[in-house]
Amino acid sequence: MSTPALRLAHDPALGPAGIAPPQVTGRGAGGPAPKRIIVGYGFWIFLLSDVIMFSAFFAAYAVLFKSTDGGPSAHELFDLRNTAAQTAVLLASTFTCGMASLAVGHRSQKWTQIALLVTGLLGLTFILLEVREFTGFVARGAGPSRSAFLSSFFTLVGCHGIHVSVALLWLGTMMAQFYAKGFRQDIRYRFLCFSLFWHALDIVWVAIFNLVYLVGSLPPELLP
Amino acid sequence: MLGKLNWQAIPFDQPIPLAAGAVVVLALAALLVWLAAKGYMPYLWREWITSVDHKRIGIMYCLLAGVMLLRGFIDALMMRSQQALAFHAAGYLPPEHYNQIFSAHGTIMIFFMAMPFVIGLMNFAMPLQLGVRDVAFPTLNSVSFWLTAAGALLVNISLVVGEFARTGWLPFPPLSELTYSPGVGVDYYLWAIQISGIGTLMTGINFVTTILKIRAPGMTYRRMSIFCWTTLAASLVIVAAFPILTATLAMLTLDRYSGFHFFTNEGGGNAMMFMNLIWAWGHPEVYILVLPAFGVFSEVVSTFCGKPLFGRRSMIVATMGICILSLCVWLHHFFTMGAGADVNAVFGIASMIIAVPTGVKIYNWLFTMYGARVRFSAAMLWSIGFMVTFILGGVTGVLLASPAADFVLHESLFQVAHFHNVIIGGVVFGVFAGYTYWFPKAFGFVLDERLGKAAFWCWLIGFYLAFMPLYVVGLEGMTRRMQHYDRPEWYPWLLVAAVGAFVILCGIALQIAQLWVSIRGRAQRRDLTGDPWDGRSLEWATTSPPPMFNFAVLPDVVSDEPYWSIKQQARAQAQLVTPEPEYTSIEVPRNSATGFVTAFLAVVTGFSLIWHIWWLVILGLVGAYATFVAFAWRDHTEIEIPAEEVARIDRANRAARAAALREGATR
Amino acid sequence: MSKPSDFEAGSYVGGDRVPGAPEERTLAQEVRGYLIGLGLAILLTIASFWADHTREIYAAGIAMALLVLTVAQIGIHLIFFLHITTDPDNENNILALAFGVLIVCLIVFGSLWVMIHLNNNLMPMDKLMQMQR
């Protein structure tokens, strides 16, 4: 056999790991992928696992939708104006987060901080609207311990809200890191993960406002 | 101030847990004192506790599993002896205690023995087999391990402070709801599993990313070892299934803590939904356990038969087929709950179909052995024992997959015998084979073969003695988890089963003796070349143990048995094939206390949640956030190993192998 | 020569530039991409709210229409905000996404199928509790 099975490249142009730069990208046979790809992919898999967790809450919500125990139902409770406001705010914040990604890509400290600040304020508005909705329900005797339907609603939507709150904490930390340490590579990769997270939360909200609020507001006779 | 915690939490009035707890606490204290006195603490902290090296983390996982095997097995001995004594009698374990024992037995064996053992083996071997330096996220790997250990610690704390759940290894409502389980037992279970579940999910993400994105140059998917394929499949199932567990246990936690009505009897709750969701996790879980074990057998069988694995491609297809199918059969755990004939039929057929790819694997192993000169080492014996035992267990599984049969056998000892048959025959034998096979690579010396074989025979004979009678009594109508009974026809079988448990105890004792003897005699049992078994995959190209960076230069892979082909070439020439490479410095990630600190805070937070010490919960969560920020704020994340050091280590490896070739050794 | 700083499992030392990735786009092009995504998402959101109230759609099919609109808008987000592409480095991401979608469908529709059958066949819990008393 002419080519030995273990060939060790020692051309100095090939970098410290002694391996050739990947010619065939994507399939992994060119050696370990660049770090940005690895970090991005790992976080992508985490996002999918998070979506699967949300789907378990969705399944519970769908199963328990009619279990109102004589208490208030979705149709009676949901205020779509609030839902519309929350949707608008979160969608806007996804856009501003995209702008922040561009600012980071172009290494502009000023625009990064501005875009992140706006994103954070929009996100905070979203949370405040949600808290107002929840406390309103509780005051009307429609809290999570009233019925199985309400338990599943508060858990599903509340879980999303907790994710957004944690993301806001992360956002603040990112702002601090960019300010303190500039656009170092590991901070930029961390921010890549943050922006993926923020966009994914808007994706989950799309499912929530459509399938929980809008479907829930339909008159009961129209539901399967 | 301390929530529900008070002195009554300690079981002063129950002699057995009190004595057990006292023994464990004293033994732990003695161990810590000895370690401190001998000055091992700085070494342990620097080299093991804060290590982010996949090899060290893998070893720690296996060590945790070994210790938990002892705890879980003691529970098993207690159950068997109770059932052997409790014919027309009360036995020695009151029902409240017996219920905690079988719950703890299952919980510990699945979550803190089997899972850590397979994850530990995958952690250790997979990066080496891929020809790379570490997993994708080494610090996350450390966090995962320590979170698993935190969960194990919480379960063990429940022995002395409070109580454990009495609801079985899966806490079915309404029994697990606050109304019927008002104590802290179920809460211990919930928080321990949630914490370790996060660790496991992170491991799944880590492994999937590593296998798909970080492989040696030239290693296409088809050239990956079968163990790495099964690791990929198991990790994908972890990513798919563990979020369901997190969500479902969260729902039960909300029911218990905040008066929600997911599964309660009142308020419209639906207890059946818990069954549906928890088994949607629970069935994939057992495939997470068994797929890596199948991978181990593929490696061991091909090595000790001296042949490439038969039917590689069909093996890969079967593995990925099992991966997908395992997510489609969960209802067979509750055929009797009343979904009706059409639903039951669909899931029953799916459950039978999943036996087909497993059968393909068995045939491939058998055909690998056919026509080979089989070396009956201890690892090979575990593999052959597995093939016989697992086939039997699998067949009883297909029997149970028929809803009609299951209506008679559900929750009987027949079912218990089936799943122990496949888990012990499959998973436990698999991790023991992997432990024996990779021990020299991990520690640099070989385990005693004779004691290993003796241990195997005790386990094999003990297993059959312990579990075949359970099939019989199951068919005779005995249900599981019985604290006492009065049917005379069951009694002799349960006596035999108790004897079997004690034979297994001898097997475990022999394994401990094997470890002791091997460590004491390690100078004579050194693995000098790094290849004690005449292996075929890349991990055997490194020294035993490998250097921290695994490979001085990443290998270039052109075949699916990369090490074997170059070894054959070298043997033909009686010298090393590759020239000495140009060594460059290697950057390795710095050790980090993040994992240990996170786990410490997890234990504090979990304990405070269990006992309703709310201020401590908040402190714990704040501490966790601070830990993440501290980790993210690090400026220096790597240390550099200079080229001269790399050269020195690799030259020694090359010299040892060149010497072995010159001697014309058979290795 | 920049200091090689990427260990992480021996990853190839390099900058952010991923070999084989599409060429650098201008700032204007990138902003336009995000704006198109935002515009389409707004359109689909309005469509959803409209569908909820309108008589134009067959009433019993509104829930299904909302499901379709959900999937469409998620697709817009994935393409314009999460930058799912078909280049070789993204293949694994699409495979993983497909896997995730499969699992979500199994869990949601599987659970619904199973639970509806169970609920139909079994006495509601509140009636069962009344029987106990």
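The values are calculated or read from the model by the stated rules, or taken from the named source; none is laboratory data. What you see is a predicted model, and the numbers here were worked out from it, not measured in a lab. Glycine also receives a Cβ, built like all others from the backbone with ideal geometry; neighbour counts cover every protein chain displayed. Keep in mind that these areas ignore ligands, DNA and RNA; they rest on the heavy atoms of the full protein, side chains included. Shrake-Rupley method; radii C 1.70, N 1.55, O 1.52, S 1.80 Å.
In terms of accessible area, using a 1.4 Å probe and ignoring ligands and nucleic acids, B:W279, C:W113 rank largest first as C:W113, B:W279. The 3J(HN,Hα) values that the Karplus relation (6.51, -1.76, 1.60; θ = phi - 60°) gives for segment B:278-289 are, in residue order, 5, 7, 4, 7, x, 6, x, 4, 5, 6, 4, 6 Hz. Gly and Pro appear as x. Among the GluC sites (Glu not before Pro) in segment B:609-667, those located in a DSSP loop and surrounded by at most 10 other Cβ atoms within 10 Å of their own Cβ are B:E663. Accessible surface comparison of B:D13, B:D650, probe 1.4 Å, protein chains only, largest first: the order is B:D13, B:D650.
Amide H to amide H distances under 5 Å link B:E638 with B:R590, where only residues 5 or more positions off or on other chains count and H is placed in the peptide plane.
Across chain B, the mean sequence separation of Cα contacts (distance under 8 Å, 6 or more residues apart), normalised by length, yields a relative contact order of 17 percent.
Close amide H partners of B:E587, meaning residues 5 or more places away or on another chain with modelled amide H under 5 Å apart, are B:I641. The mean number of Cβ atoms from other chains found within 10 Å of a Cβ in peptide B:134-140 is 4, as a whole number. Extending 7 Å from the Cα toward the beta-carbon at both B:Y43 and A:L169 defines two label points whose distance is 3.9 nm.
Taking A:Y179, B:Y257, A:Y61, B:Y287 and ordering them by how much accessible surface each has at a 1.4 Å probe, largest first, produces A:Y179, B:Y257, B:Y287, A:Y61. How far is helix B:413-422 tilted off the main Cα axis of chain B, in degrees rounded to 10, range 0 to 90? Tilt of helix B:413-422: around 10 degrees.
Rounded to the nearest 10 degrees, the inclination of helix B:15-37 to the longest alpha-carbon principal axis of chain B is 30 degrees.
Amide H contacts of B:V557 (H built 1.01 Å from N, in plane; Pro and chain starts excluded): B:G218, B:M219 sit under 5 Å, all sequence-distant by 5 or more or on other chains. With a/c under 1.5 counting as rounded, go ahead and sort the protein assembly as shown into rounded, prolate or oblate using the C-alpha gyration tensor (a ≥ b ≥ c being the square roots of the eigenvalues; past the cut-off, prolate if a/b is larger than b/c, else oblate). Note, shape of the protein assembly as shown comes out oblate.
For B:E476, the solvent-accessible surface computed with a 1.4 Å probe is close to 70 Å², ligands and nucleic acids excluded. Along segment B:334-340 the Karplus relation, 6.51 cos²θ - 1.76 cosθ + 1.60 evaluated at θ = phi - 60°, assigns HN-Hα couplings of 9, 3, 7, 7, x, 6, x Hz to successive residues, with x for each Gly and Pro.
Given axes a ≥ b ≥ c from the Cα gyration tensor, I'd like to know whether segment B:483-612 is rounded (a/c under 1.5), prolate (a/b larger than b/c) or oblate. Oblate. Of the trypsin sites (Lys or Arg not before Pro) found in segment B:17-105, those in coil by DSSP whose Cβ has at most 13 other Cβ atoms within 10 Å are B:K38. Sparsely packed loop sites in segment B:439-521 (the chymotrypsin sites (Phe, Trp or Tyr not before Pro) outside DSSP H, G, I, E and B with at most 11 other Cβ atoms within 10 Å) do not occur.
Rounded to the nearest 500, the 222 nm mean residue ellipticity of chain B from helices alone is -22000 deg cm²/dmol, with -39,500 (n - 2.57) taken per DSSP H run of at least 4 residues. 3J(HN,Hα) couplings calculated from phi for segment B:135-140 with the Karplus curve 6.51 cos²θ - 1.76 cosθ + 1.60 (θ = phi - 60°) are, in sequence order, 7, 5, 10, x, 5, 4 Hz; Gly and Pro show x.
Starting from the Cα gyration tensor of segment C:54-133, take the square roots of the eigenvalues, sort them a ≥ b ≥ c, and report rounded, prolate or oblate (rounded when a/c is under 1.5, otherwise prolate if a/b is larger than b/c, else oblate). Oblate, because a/c is 1.5 or more while a/b does not exceed b/c. Taking the longest Cα principal axis of chain B as reference, the axis of helix B:185-213 is set at about 30 degrees. If you wrap the tightest convex hull around every Cα atom of chain A and split its volume per residue, you get 170 Å³.
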